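Encoded as structure tokens, the structure appears first; notes follow it.
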Amino acid sequence: IMTACRGDCAKRKIAPTKINIFSSFILRVQRNVHVVMCMSPGTPIFRDRLRMFPSLVNCCTIDWFSEWPDEALRSVGMGIMQEV
């Protein structure tokens, strides 16, 4: 981590001090961190968590996945297999 962040300091033309290296690391983490949470929307716990943490709705991307029909699964599978 120190070596990679020292290179970031060099690119930004700042002295590679411990504070600058740590700042580069924090900046890199903030840019690249991703969090994936999976919850079932059919449970009361899901509603309770949304009420307790409104940023789950306001500040996140929500992908709703539901069951696919058999024909859709076959169609996608065949399309992918034809490309191979």
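The values are calculated or read from the model by the stated rules, or taken from the named source; none is laboratory data. Note that the structure is predicted; figures quoted are calculated from it, not measured. Note that each Cβ is placed from the backbone with ideal geometry, even for glycine, and that neighbours are counted across all protein chains shown. Keep in mind that these areas ignore ligands, DNA and RNA; they rest on the heavy atoms of the full protein, side chains included. Shrake-Rupley method; radii C 1.70, N 1.55, O 1.52, S 1.80 Å.
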> Ignoring any ligand, DNA or RNA, what whole percent of the accessible area of the chain comes from carbon and sulfur when the probe is 1.4 angstrom?
Replying inline: 62 percent
> Roughly how big is the chain's charge dipole about its Cα centre, with Cβ charges of +1 (Lys, Arg) and -1 (Asp, Glu), in debye to the nearest 20?
Replying inline: 940 debye
> Under a GNM of the chain (C-alpha, springs under 10 Å), which listed residue has the highest mean-square fluctuation: I21, I45, I62?
Replying inline: I21
> Which longest uninterrupted range of the chain lacks any chymotrypsin sites (Phe, Trp or Tyr not before Pro) assigned by DSSP to a loop state (not H, G, I, E or B) and surrounded by at most 12 other Cβ atoms within 10 Å?
Replying inline: 1-63
>> Let me check the size of region 42-81 from its C-alpha atoms; what are the radius of gyration and Dmax in Å?
In response: 16.1, 44
> For the chain, modelled as a GNM with alpha-carbon contacts under 10 angstrom, which of L50, L73, L27 fluctuates the most?
Replying inline: L73
> Using the Cα gyration tensor of the chain, with a ≥ b ≥ c the square roots of its eigenvalues, what is the shape: rounded (a/c below 1.5), prolate (a/b larger than b/c) or oblate (neither)?
Replying inline: oblate
>> Run the simple label-point estimate for M39 and T17 please: 7 Å along Cα→C-beta, distance reported in nm.
In response: 4.3 nm
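Region 16-84: which GluC sites (Glu not before Pro) are DSSP loop and have at most 15 other beta-carbon atoms within 10 angstrom? Could you put the intermediate results ahead of the total?
Values: sites: E67, E71, E83; in loops: E67.
Taking region 16-84 and a limit of 15 other Cβ atoms within 10 Å, the loop GluC sites (Glu not before Pro) found are E67.
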